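Quick notes on the structure that follows.
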Amino acid sequence: MTDEKKGNVVSREEIIRDAIESMHKGNEKLALETIERALAEGYDPVEILSDGFSAGIREVGDLFSRGSVFLPQLMMTADVMQKVSARVDEAVASGGQAAEKKGIMVLATVEGDVHDIGKGIVASLVKTQGIEVIDLGRDVPVATIVEKAQQYKADIIGTSALLTTTMNEQKKLEELLKSQGLRERFKTMIGGAPATQRWADRIGADAYAEDAGEAVTKALALLS
Ligand code: B1M
């Protein structure tokens, strides 16, 4: 169905275009106005986050790696993205029905890594499906992750890594669980830009998810 037929005043393309532009410019006002317009028009905020804002911030990341954008601008864009994510989190939480509790996930960005925007999106979406999320934050050592998973009697341990240098922590987690005789006690799920299904298979993780939507599907499958 076209946006026109659905009666939307602002087209999805326009919203996506503005979302991407707001990330390129690190423009908080435009970003927040865009997400409010998307919500008012009834577009799925998670889809707009993924197809618009996330796509935009990745483009800024690519420009950064080519030297066309510098760290302060990347940080400014990341800050705006955090605010948009928080707004989407709020909208998703208020729109969801209280689902029956299906399990507990301990979630963290691994040690040495401060990238936590994607992890935050995973957390908000997984929560809507009745999975309690214990978000340990970012730059978390594997020993702490395992300790907290035991403390909270987690079913799933989820880790996010955005750097090729930190994804090895996901392997360390598997090794630590094995050495402590805990490997069968928890299901593990990995994600983050450099992670792949191949990496998951190689290190022995139970699941890999490419994005937040897939993280929900995989988490529910792990619990069933
Ligand atoms: Co950095 N950074 N960064 N950065 N940064 C990347 C990752 C990079 C690819 C950019 C680039 O050069 N093209 C590059 C890594 C290169 C590499 O390792 N090969 C990079 C670099 C180099 C760095 C620094 C080293 C830069 C420097 O200081 N010189 C530095 C490292 C700091 C550190 O961690 N020690 C750094 C710093 C930063 C900022 C602080 C400025 C900021 C982070 C702010 C924050 O997160 N609070 C930042 C940002 C914003 C990025 C990019 C541009 C965007 C990341 C992001 O938020 N994406 C990124 C470029 C890129 O990823 N292409 C980049 C949007 C988000 C929604 O997607 O995080 O992929 P993503 O999450 C997705 C999926 O991956 C998945 O679902 C999410 C939602 O759909 N997912 C999971 C994620 N976790 C999951 C867990 C799951 C399942 C799915 O299960 C548990």
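The values are calculated or read from the model by the stated rules, or taken from the named source; none is laboratory data. Source: prediction; values computed, not measured. Don't worry about glycine lacking a Cβ; one is built from the backbone with ideal geometry, like all the others, and counts go over all protein chains shown.
Please tell me if Phe64 is free of Cβ contacts under 8 Å to residues at least 40 places away in the same chain, crowded, with 19+ Cβ neighbours inside 10 Å and near the ligand (Cβ under 8 Å from one of its atoms).
Details: free of Cβ contacts under 8 Å to residues at least 40 places away in the same chain: yes; crowded, with 19+ Cβ neighbours inside 10 Å: no; near the ligand (Cβ under 8 Å from one of its atoms): yes.
No; evaluated as a whole, the condition is false for this residue.
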| field | Index of the failed condition, Glu36 passing every other in (1) touching a strand residue (DSSP E or B) at 6+ places or on another chain (Cβ under 9 Å); (2) at pLDDT 95 or above; (3) surrounded by fewer than 18 Cβ atoms within 10 Å (Cβ to Cβ) | value | (1)
| remark: Note: among Gly42, Gly52, just one is closer than 24 Å to Gly213 by Cβ, under 20 Å from the mean Cα position of the chain (by Cα) and of a type outside the set (A, V, I, L, M, F, W, C), namely Gly52
| field | Hey, Lys178 out of contact with any helix residue (DSSP H, G or I) (no Cβ under 8 Å at 6 or more places or on another chain) and in the same structural domain as Leu107 (by TED's automatic domain parsing) or not | value | yes
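Restricting attention to helices (runs of 4 or more DSSP H) lying wholly within the range 111-217, give those where 3 or more residues are in contact (Cβ under 8 Å) with a residue 12 or more places away in the chain, within 8 Å of the ligand (Cβ to nearest atom) and surrounded by 15 or more Cβ atoms within 10 Å (Cβ to Cβ). Steps first, please.
Numbers: elements: 117-127, 142-151, 168-179, 197-203.
In the range 111-217, the matching helices (runs of 4 or more DSSP H) lie at 117-127.
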| said: Condition first: under 22 Å from Val216 (Cβ atoms) and of a type in the set (Ser, Thr, Tyr). Can you find one or more residues in the range 89-96 that meet it? | reply: yes
